[in-house]
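Note sheet for the following structure.
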Amino acid sequence: MNQPLFAPSLDLGVIGNSSSAALIDRNGSIVWMCAPRMDGDPVFCSLLGEGLDKTPGDGGHWSISLRNVATSEQRYLRNTAILETVLTDHDGNRLRITDFAPRFKANGRIFRPQTIVRLVEPVEGAPRIQVDLRPRHGYGAQEPETTRGTNHIRFLLGGQVLRMTTDAPVEFVERRTPFLLDRPCAFILGPDERLTQAPLHTARAFLEETENYWREWVRYLSLPIDFQDVVIRSAITLKLCSHEETGGIVAALTTSIPEYGQSGRTWDYRFCWLRDSYFTVKALNLLGATKTMEDYLGYVSNIAADSPDGYLQPLFGLGLERLLDERIVGDLPGYRGYGPVRSGNAAYTQVQNDGYGSVILSIMQCFFDERLPVMGGEALFGRLEPLGDQAFARWDQSDAGIWEFRTRNGVHTHSAMMCWAACDRLARIAVKLGLDSRAAHWCQRADIIRAGILERAWNEGMKSFVSSFGGADLDASLLLMPEIGFLPAQDPRFLSTLAACEAHLRFGNHLYRYRAPDDFGEPETAFTACTFWLIDALTRVGRKEDARAIFADVLKHRNHLGLLSEGLHVESGELWGNFPQTYSMVGLINAAMHLSRRWEDIL
C-alpha cells in the first residue's frame, strides 16, 4: 500500500464514551488508545513511534487504508463524538470510515463498553483497502499472541484479551491483504466476548443509538448565543476525557507529547490534577452539565475524605491512586522521535500548596447548588476544615508551585493566593451553614494571609505583583487575582500587574506561562490555558474587544476538528504538548461564555 498522506501531527480526532478513548489521524488510522483505562498500557501507540525495531508501519496502530489515496476529508457528525473520515484515491474511488465508541441508555443505565466500532463503506467506485490491525502491549515493546475464529481475531495483550469481530474476510485482515470493498463491513474491537448479532447489524444499531445519545446530551447544554459550535465541541471533548466510573477527568489523553521539539519536556498527563478542579467545575456549571459535574465533585470529595490530616498531593490516578511512579519507556522513540517517553508522573511527590484552594473552590459548589441531589452540610464542611488548616500552615512556605518546578522551590504567590481562597471560601460556607464561630475563625485566617501576600508579593520597583515572595519574575498565574476574588479587576495594583504581564509574557495574541529559564531552559511555546487567563483578565478590566481579538486568533489555531493541545509554538503556529488538553478545552468554554453577547441582546 502507499505511504500515509500525512506526517505525524496533532491533527487528530478523539472518539470515546467516558470509559475508553482513542485518537485517530487524518488517514483514518487509530494511533493512540490505552486499555483498560485511559491511563493504561497503550494498545495503539504509533503516535509515539512504532516500538519494537522502530520500522515504520511495524505496529501500534489500526489503519484502514485506501490504495493510491489522494485526499482525506474528516468531520464529526453534528453534535456527536462520532468521527467520519472520507478517503478518495487518484481514480475517484471513495471510502467512508465511521469511528465511535458506543454510548447510550440501555436497561436503566448508560451502556459504555470498552469498545471501538469502525464502520467502513464504499461511497463511490470500487475502493481497494488494506486493514492493518497491530496492537501492542508493554508500551510498544511486545507483539501479542493471537488466536483466530470464524469471524474474529483475539489478541492476548499481557493481562487482558481483546477481540476484533468483523464481517470482512478475516483471512485478509489477519494477513493484511488488500481487497476490494464492494459492500459495507464493520469492525468491533472490545472485550473477549461474542456478539449476539452480526457485526454490521450491531455496528449500525450502536451507531444509531450513540448518535441519538450525543444529540440529546447536547440539547440540554446551556450555550451562549455566540461560539456555539466551539462550546459544543469543547464540551463533548471534556466529556470524553472523563472516567465516568470514578468521576475523574484526565488532564489529557496522551503522555509524552513534548512541549516543543527536543526540549525533554515530555510528561505523562493521563492523571487528575487538583489545580484543574476549580476551572473544570466552573466550566461544567456554565454548561449545565450537572451529572458530569456531580461525578467530578464526587471524585474530588473522595480525595478530601481520604486525607484525614488534610495534606493533598498534587495529582491522583483515575481510581484515586496515589503512587504514580515515573519511568522512562525505552521501546518507544517518542512523538516525531522526540523523547523520552514517560509513564507515570513524579510530580505526585512534590509539594504544591495551591491544591487546597482548588479543592475547596470546586467543592464549594456542593453547598450552594440546589440542582444537586445531595447538598453539602456540616459533615462535608468538617472534612474540608483540615484542608484549610493545611492551607493556613503552608501559605508562606516554599513549594514547587503551579508549574511544578523540579529542581527549585520558592514561596509562590499563586500558591499563597489559593491558600487564601481556601480559608476565604470556608468562611463563606460556614456563613451559609449558620456556623458563626467557624466563619469568624476562617475569616480571620483569610485576612492574615491576604495581608501577607499584599506585603510580600508586591515589587514596588516593578509596580507589579511577582511570581514569588521577594522575587522579580512574572508568571501568568498572577492574572487570576480577580478570578479567585483576591483583588477586584479595577484595583490599580492589578492593572499594573496586567500591564507588566502583557509586556513580558505576551507575544502577539498568545501568552507564555513564564519566561525565566527553568529546569529545561527557557520555554519555547505559549501555554494556551494562560492565553485564556489573559482573555478573562482583559474582559474583567473592560477591554472586551482586545479579548475577542485574542480569542479569534486562538480559534484559528485549533486543529481541523476544533481541538487544542497544551501549547502553541508562536512562530510556526503549530500545536505542541499533550492532547487534547482539558485545561485548554475548559478555557475555550469559559472564554466563549464570557465573550458572547447575551441572548436578550438579539432576541
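The values are calculated or read from the model by the stated rules, or taken from the named source; none is laboratory data. Keep in mind the model is a prediction, meaning the values are calculated, not measured. Cβ atoms come from the backbone with ideal geometry, glycine included; neighbour counts cover every protein chain shown. In case anyone asks, the SASA skips ligands and DNA or RNA and just uses the protein heavy atoms, side chains included. Shrake-Rupley method; radii C 1.70, N 1.55, O 1.52, S 1.80 Å.
Observations on the structure shown:
- As computed over the stretch 103-179, the Cα convex hull volume per residue (Å³): 146 Å³
- Helical content of the chain, expressed as a calculated mean residue ellipticity at 222 nm, amounts to -10500 deg cm²/dmol (DSSP H runs of 4 or more residues, -39,500 (n - 2.57) each, divided by residue number, nearest 500).
- Charge dipole (Cα centre; +1 on Lys/Arg Cβ, -1 on Asp/Glu Cβ; no other charges) of the chain amounts to roughly 820 debye.
- Bins of 5 Å, starting at 0 and running to the largest distance - Cα pair percent for the stretch 90-242: 2, 8, 15, 17, 16, 15, 13, 9, 4, 1, 0
- Accessible-area value, Tyr220, 1.4 Å probe, nucleic acids and ligands omitted, Å²: 150 Å²
- Between Phe520, Ala547, Gly573, the Cα set farthest toward the positive side of the dipole of the stretch 508-575 (charges on each charged residue's Cβ, about the Cα centre) is that of Ala547.
- Heavy-atom accessible area with a 1.4 Å probe sorts Thr349, Thr71, Thr539, Thr255, largest first, into Thr349, Thr71, Thr539, Thr255.
- Positive minus negative residues near Cys419 (Lys, Arg vs Asp, Glu; Cβ under 12 Å): -1
- Global form of the stretch 492-603, assessed from the alpha-carbon gyration tensor, a/c cut-off 1.5: oblate
- The stretch 169-287: C-alpha gyration tensor shape, a/c 1.5 cut-off, then a/b vs b/c: oblate
- With the highest mean first, a sort of the peptides 487-493, 223-229, 263-269 on other beta-carbon atoms found within 10 angstrom per residue produces 263-269, 223-229, 487-493.
- Lysine pairs with alpha-carbon atoms under 27 Å apart, the chain, spacing 8 or more or separate chains: 13
- Leu372-Arg406 FRET efficiency (beta carbon distance; Förster radius 56 Å; 0.05 resolution): 0.90
- Per-residue extension of 0.36 nm, minus the Cα-Cα distance of Asn151 and Asn302, leaves a gain of 50.0 nm for this segment.
- HN-Hα J in Hz across the stretch 538-554 - Karplus 6.51, -1.76, 1.60, θ = phi - 60°, x for Gly and Pro: 5, 4, 5, 8, x, 9, 5, 5, 4, 4, 5, 5, 5, 4, 4, 5, 4
- For the stretch 208-269: relative contact order, % (alpha-carbon pairs under 8 angstrom, 6 or more apart): 17 percent
- Residue-level accessible surface for Arg275, protein heavy atoms, 1.4 Å, Å²: 40 Å²
- Accessible surface for Asp192 stands near 60 Å², nearest 10, in the context of the full protein assembly shown (1.4 Å probe).
- Spin-label model distance (nm) - Arg493 vs Arg175, 7 Å beyond Cα toward Cβ: 7.6 nm
- Residue-span extension gain [Asp601 to Glu321] - 0.36 nm each, minus C-alpha spacing: 96.0 nm
- Across the accessible surface of the stretch 128-171, with the other protein chains kept in place and a 1.4 Å probe, carbon and sulfur atoms take up 42 percent.
- Here the extension length gained between Ala126 and Asp553 equals 149.5 nm, from 0.36 nm per residue of separation less the Cα-Cα distance.
- Magnitude of the charge dipole, the stretch 66-134, Cβ model with Lys/Arg +1 and Asp/Glu -1, debye to 20: 520 debye
- From the coordinates of this entry, Cα extents along the principal axes in Å is computed, and it appears in (1) 74, 58, 50; (2) 74, 54, 50; (3) 81, 58, 40 under the label (2).
- Rounded percent of accessible protein surface that carbon and sulfur make up, the stretch 485-590, 1.4 Å probe: 51 percent
- Percent RCO, i.e. relative contact order, over the chain, from Cα pairs under 8 Å lying at least 6 residues apart: 12 percent
- Based on protein heavy atoms only, the chain ends up with 37 Å² per residue of surface accessible to a 1.4 Å probe.
- At R0 = 60 Å, FRET efficiency that the Cβ-Cβ distance of Leu77 and Lys463 yields, to 0.05: 0.70
- Accessible carbon and sulfur surface of the stretch 346-434 relative to its total accessible area, %, 1.4 Å: 52 percent
- The listed residues His137, His90 rank as His90, His137 when sorted by accessible area, largest first, using a 1.4 Å probe.
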